[in-house]
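Here the structure comes first, spelled out in structure tokens, and everything after it is commentary.
The values are calculated or read from the model by the stated rules, or taken from the named source; none is laboratory data. Keep in mind that this is a model prediction, so the values were computed, not measured. Neighbour counts run over all protein chains shown; Cβ positions are idealised from the backbone, glycine included.
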Amino acid sequence: MLAAGAVALAWVIDARLGEPRDAWHPVAWFGRLAAPLGRAAVGREPRAAFLAGTLAWCALLALVVAAALAVQALLARLPGWLALPLTALALKPALAWRMLRREVAAVEAALARDLDEGRAQLARLCSRDVQVLDASGVRETAIETLAENCNDSLVAPLFWFVVAGLPGAWAWRAVNTLDAMWGYRGRWEWAGKCAARADDLFAWLPARLTALLLGPVRAGFATLRREAVRTPSPNGGWPMAAMALRLGVRLGKPGVYVLNGDAPAPDAAALTQALRLGEQAARRALVLAMAAAGA
């Protein structure tokens, strides 16, 4: 029951306090450690870049897992009344639901004032060229970000915590962070290939679980699957397609893919509804994780 209680308390800490400053955030520390290793792998010929990137990825993941195992072993020696809050504090950095929800909501608030403000707020959430997006495009991208990162920031870390405790949750956060830093095409194509493929592997089941947690799709699972595979990502399309079908709106990335293409573009009401669906999915994930952790 300690694990279930830690999940609940970590949720409360995230909901009340959100993210600490970068100076105090373990994920920011990890990013600063990983950055020079990634830069050292870029610019080599493909085979050398791939080898350097893979070795750096393995070393960083091993370091994170070793640290998590040490922390978990230490917590196991403590009385339950102390181990529970400390486990929750150790789990919290892997979760970032409050920040995600707040930042997506801020897109609509900024968009209501001015399109450029909406674009500027959206740029905090994604790496797309936001200047080419109209108001509908800004909302589409914001909703996609909410859906995809419902998995990355909540469902996947809870899933891996249930499967493997703190080492699982911390490993997921490391894998996802390295993908965000290195998993690009272009100059990062080979140096970041291991990071990108590992993220695909670790997120495969949680992404599909996230799609189900967003609620039943009237068109059925076959339609959900057909829409999900339209995206280049083997995982991101699942929660995004589920959100598009649940809202009855079109989502997409210009020139790359369109989900639920026959539906209208999202308006302000659709983004507000997306936030509600995301919150419902997050609460379902919490209950499911608590039940699984306490079983």
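Annotations
- A single entry from ALA211, ALA156 fulfils the requirement of being under 12 Å from the mean Cα position of the chain (by Cα), in a helix (DSSP H, G or I) and not hydroxyl-bearing (Ser, Thr, Tyr): ALA156.
- Qualifying residues in segment 89-113 (those that are free of Cβ contacts under 8 Å to residues at least 40 places away in the same chain and touching a helix residue (DSSP H, G or I) at 6+ places or on another chain (Cβ under 9 Å)) - the one nearest to LEU17 (Cα to Cα): GLU103
- Lone qualifier among GLY220, GLY252, GLY248 - being out of contact with any helix residue (DSSP H, G or I) (no Cβ under 9 Å at 6 or more places or on another chain) and more than 23 Å from PHE159 (Cβ to Cβ): GLY220
- Residue selection: LEU146 fails the criterion of being at pLDDT below 95 and under 21 Å from LEU17 (Cα atoms).
- Among the residues of segment 126-140, the ones that are farther than 16 Å from ALA112 by Cβ and either surrounded by fewer than 15 Cβ atoms within 10 Å (Cβ to Cβ) or in contact with a strand residue (DSSP E or B) (Cβ under 6 Å, 6 or more places away or on another chain) (or both) come to 5 in all.
- Any pair with Cβ under 9 angstrom, 6 or more apart, that starts in segment 153-175 at a residue that is more than 21 Å from GLU279 (Cβ to Cβ) and ends at one that is modelled with pLDDT of 95 or more and among the basic types (Lys, Arg): TRP160/ARG173
- Among the residues listed as GLU103, GLU19, the single one being assigned to a loop (DSSP other than H, G, I, E, B) and out of contact with any Gly (no Cβ under 8 Å at 6 or more places or on another chain): GLU19
- Residue that is without any contact (Cβ under 8 Å) to a residue 40 or more places away in the chain, assigned to a loop (DSSP other than H, G, I, E, B) and either out of contact with any Ser or Thr (no Cβ under 6 Å at 6 or more places or on another chain) or not aromatic (Phe, Trp, Tyr) (or both), where the choices are LEU86, LEU78, LEU37, LEU82: LEU78
- Scan segment 40-57 for residues that are closer than 17 Å to ALA198 by Cβ and without any contact (Cβ under 8 Å) to a residue 24 or more places away in the chain and the total you get is 3.
- Per the conditions (1) part of a helix (DSSP H, G or I); (2) without any contact (Cβ under 8 Å) to a residue 60 or more places away in the chain, the sole criterion not satisfied by SER127 is (1).
- The residue list LEU271, LEU201, LEU224 contains one member that is part of a helix (DSSP H, G or I), surrounded by fewer than 20 Cβ atoms within 10 Å (Cβ to Cβ) and modelled with pLDDT of 95 or more, which is LEU201.
- Within segment 174-193, the set of residues being surrounded by 24 or more Cβ atoms within 10 Å (Cβ to Cβ) and not aliphatic (A, V, I, L, M) comprises ASN176, TRP182, GLY192.
- The residue that is nearest to ARG218 (Cα to Cα), counting only those in segment 237-279 that are small (Gly, Ala, Ser) and free of Cβ contacts under 8 Å to residues at least 12 places away in the same chain, is GLY261.
- Residue that is farthest from TRP188 (Cα to Cα) [pool: residues in segment 40-69 that are part of a helix (DSSP H, G or I) and β-branched (Val, Ile, Thr)]: VAL65
- Of all residues in segment 214-245, those that are of a type in the set (Ser, Thr, Tyr) and within 18 Å of the chain's Cα centre (by Cα) total 2.
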